[in-house]
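Below is one structure, written out as structure tokens, with a few remarks after it.
The values are calculated or read from the model by the stated rules, or taken from the named source; none is laboratory data. The model shown is predicted, which means the values in this text are computed figures rather than measured ones. Cβ placement follows ideal geometry from the backbone for every residue including glycine, while neighbour counts extend to all protein chains displayed.
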């Protein structure tokens, strides 16, 4: 079942913002803390959210790999996180689904690259493109142990160097640390 996921940025929240900035396009207003949940924090400076969904663009063989190494959020050692909201271009959304799939996997190897990091980087994709007033198409959430931040940086580097990223119009990155 799809679940609502809301990220509230402000002065309160479980996660302390270590760094925040725009990779491409407009940044979000700076905040000190972030909360992730099903409902927004009333005192938030900004709120972005969407819904989890079924897998899209994934072939059965790729699903088997993903199922064999499930993404487990909330692991005690995963005290670092990153929230990366993304908006893709009109050219991206103008393509047919099979054309987008060809860019994602055949040309960019998005799923294959991500699969190489499943053991150390947990992830969750939140879809928000179809929500009225949504600022982003996707909200990508990652959790990892501080010792694995280099592997996370490696993952991001590979994805951002792929042909798929030519279609990204807006990308914001927040690096976070969970209070112990």
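For this structure, a couple of remarks:
- A single entry from 58, 79 fulfils the requirement of being under 26 Å from residue 113 (Cβ atoms), in contact with a helix residue (DSSP H, G or I) (Cβ under 7 Å, 6 or more places away or on another chain) and at pLDDT 90 or above: 79.
- Every pair of residues 6+ apart whose Cβ atoms lie under 9 Å, when the first sits in the range 85-109 and is at positive phi and touching a residue at least 40 places away in the same chain (Cβ under 8 Å) while the second is surrounded by fewer than 18 Cβ atoms within 10 Å (Cβ to Cβ) and not in a helix (DSSP H, G or I): 109/162
- Just so you know, in the range 15-40 the residues that are modelled with pLDDT of 95 or more and farther than 14 Å from residue 175 by Cβ include one that is surrounded by the most Cβ atoms within 10 Å (Cβ to Cβ), and it is 36.
Rundown of residues vs (1) closer than 30 Å to residue 32 by Cβ; (2) in contact with a helix residue (DSSP H, G or I) (Cβ under 8 Å, 6 or more places away or on another chain), yes/no style:
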residue	(1), (2)
96	no, no
104	no, yes
135	yes, no
140	yes, no
143	yes, no
153	yes, no
157	yes, no
176	yes, no
179	yes, no
